[in-house]
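J.: Below are the structure tokens for one structure; questions will follow.
The values are calculated or read from the model by the stated rules, or taken from the named source; none is laboratory data. As the structure is a computational prediction, the values presented were derived from the model and not from experiment. Virtual Cβ from ideal backbone geometry, glycine too; neighbours counted across all protein chains shown.
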Amino acid sequence: MFCTKCGSELRERDRFCAECATPTARLPLVPINREARLSRARKGKIAGVCAGIARYLQVDVTVVRIIAVILLFWPVPFVATIAYVIAWMVMPQDPVALPEPMYRSSQIYT
């Protein structure tokens, strides 16, 4: 097997080219959700901003929260706070998921 970009020889188990780091056909690709919309999660810790961003970027919400806490203290403390509050006001909230209606069967219960 050879790399399609640089032409170097690859082993069968390689997922990336050792020369140019091009992914091989063996690398499983993660499908991107094209219908994902940036919105605040209803079940968030404070306002759902970090949970909504994590869902949109398809990463763990803990990573987004750790980055948010780091940005609160570095480089300018109030910039991240102001950005969070603006995102809280601007980002739409998830729509309410209504339960499915329960239909009665055609049988008559006596």
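J.: So how many residues does segment 42-72 have that are under 17 Å from residue 89 (Cβ atoms) and among the β-branched types (Val, Ile, Thr)?
T.: Matching residues across segment 42-72 total 3.
J.: A further question on this structure: Yes or no: residue 18 at pLDDT 80 or above and surrounded by 12 or more Cβ atoms within 10 Å (Cβ to Cβ)?
T.: So residue 18 does not fit the description; no.
J.: Continuing with the same structure: Can you tell which of 70, 46 is at pLDDT 80 or above and part of a loop (DSSP other than H, G, I, E, B)?
T.: 46
J.: On to the next question. Residues in segment 55-88 that are among the aliphatic types (A, V, I, L, M) and closer than 11 Å to residue 39 by Cα: how many?
T.: Selection size over segment 55-88: 1.
J.: Using beta carbons and a limit of 7 Å, which pairs, at least six apart or on different chains, have the first residue in segment 75-100 and within 12 Å of residue 52 (Cβ to Cβ) and the second one surrounded by fewer than 12 Cβ atoms within 10 Å (Cβ to Cβ) and β-branched (Val, Ile, Thr)?
T.: Once the first residue is within 12 Å of residue 52 (Cβ to Cβ) and sits in segment 75-100, no partner that is surrounded by fewer than 12 Cβ atoms within 10 Å (Cβ to Cβ) and β-branched (Val, Ile, Thr) comes close enough.
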